[in-house]
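Colleague: The structure is given below, and queries will be raised subsequently.
The values are calculated or read from the model by the stated rules, or taken from the named source; none is laboratory data. On a predicted model such as this, the values are computed, not experimentally measured, just so you know. Glycine also receives a Cβ, built like all others from the backbone with ideal geometry; neighbour counts cover every protein chain displayed. Ligands, DNA and RNA are stripped out before the accessible areas are found, and what is left, the full protein with its side chains, is counted by its heavy atoms. Shrake-Rupley method; radii C 1.70, N 1.55, O 1.52, S 1.80 Å.
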Amino acid sequence: GFPVVPAVVGILPTPGSWAWWLMGGRAEDWLNFDWKYPGVGLDLGVRAPFEEEVIYRMGICVPVVAWIGPRTAIVVSGLLFALIHIACGAANPVCLISGFVLAWAFLKSNTILVPMLLHAIGNFGTWYVASIFVLPYFRAN
């Protein structure tokens, strides 16, 4: 059969990236972001995982599971999670995959704490890699 997941993961960020660019987003926005401002740890490790997981897992997964079922809830929640990240300039397939994994973790664990913790770990990992390895390379070249 046709590989649906790789197709979606590879294709979904493209229109989102174009929309972000048309709205004035540029690569420099990401490169010039202050990854070392004093509140970055709280934003990435606490605020974002708390707010986003409450919205996408409790606010979206729970009603969709009750209405249509868990598989559809994972897809809907994951797609919306990815789309909002694309709209905010994070146009990459990691957000889509993360959205699916976090929705699955929420439904499998029956607690919001598991996807919140996974989200925080993912954000800290992104912050660490970006601020220590990726950004210094691009800023030096």
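Colleague: Scan region 72-108 for residues that are closer than 15 Å to Val54 by Cβ and among the polar types (S, T, N, Q) and report the count.
Modeller: Count: 1.
Colleague: Next question, about the same structure. Val9 passes all but one of (1) touching a helix residue (DSSP H, G or I) at 6+ places or on another chain (Cβ under 7 Å); (2) modelled with pLDDT under 70; (3) open to solvent by 70 Å² or more (accessible area, probe 1.4 Å); which number fails?
Modeller: Looking at each condition in turn, Val9 falls short on (3).
Colleague: State whether the residues of region 87-99 include one that is within 16 Å of Cys61 (Cβ to Cβ) and open to solvent by less than 30 Å² (accessible area, probe 1.4 Å).
Modeller: yes
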